[in-house]
1. Once fully extended, how much extra length lies between Leu63 and Ile78, figured as 0.36 nm per residue of separation less the alpha-carbon to alpha-carbon distance?
2. Which order do peptides 20-28, 79-87, 32-40 fall in by mean Cβ count within 10 Å, highest first?
3. Here are some pairs, Lys49/Lys114; Lys27/Lys49; Lys27/Lys110; Lys49/Lys119; Lys27/Lys87; which of them have Cα atoms lying more than 21 Å apart in this structure?
4. Can you bin region 77-119 into rounded, prolate or oblate? Criterion: square roots of the alpha carbon gyration tensor eigenvalues sorted a ≥ b ≥ c, rounded for a/c under 1.5, prolate for a/b above b/c, oblate for the rest.
5. Using a ≥ b ≥ c from the Cα gyration tensor of region 30-109 (square roots of the eigenvalues), is it rounded, prolate or oblate, where a/c under 1.5 gives rounded and otherwise the larger of a/b and b/c decides, a/b for prolate?
Amino acid sequence: MKKRIGIFLFLYHSIILASAVTDDELKTIGQTLANYHMCSKLSLEMGDKAMLNYYSEMYDDSLLKAQDYQEGQLDIVIVEEKIGMAKLAKIDPENLGQFCLIRFDLLSRKMQEKKLAPK
């Protein structure tokens, strides 16, 4: 019985949280996913494994959170990610790569290099 109540409360809480998100917030999440995706792609092209790992993790974590939204809300996120990817594709890759590098701070780099180091 306690388990059923716990599951009910979890589902109820998830639905309430998902419905409380505005369309603008969902669009921001989609734009964030596009940024992480593009920075991951550029990191791969640059051969920067630490930065690739960082942006890939950020993308995966954000995508996992987005999957908690209701179907219509998730559609907004996905559409906005596609729009964001199209806009970012128009920016010079070298300039965008510099932007990704600037956002990838030294502490994050050290943490990623530690994760990627052979044990």
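Read-outs throughout are calculated quantities, based only on the coordinates presented, and are distinct from any laboratory measurement. Predicted model, so just to flag it, every value in this text is computed and none were measured. So basically every Cβ, Gly included, is an ideal-geometry build from the backbone, and we count neighbours across all protein chains shown.
1. Here the answer is 4.4 nm.
2. 32-40, 79-87, 20-28
3. Working: Lys49/Lys114 12 Å; Lys27/Lys49 29 Å; Lys27/Lys110 31 Å; Lys49/Lys119 16 Å; Lys27/Lys87 14 Å.
Beyond 21 Å: Lys27/Lys49; Lys27/Lys110.
4. Since a/c reaches 1.5 and a/b is larger than b/c, the shape of region 77-119 is classed as prolate.
5. oblate
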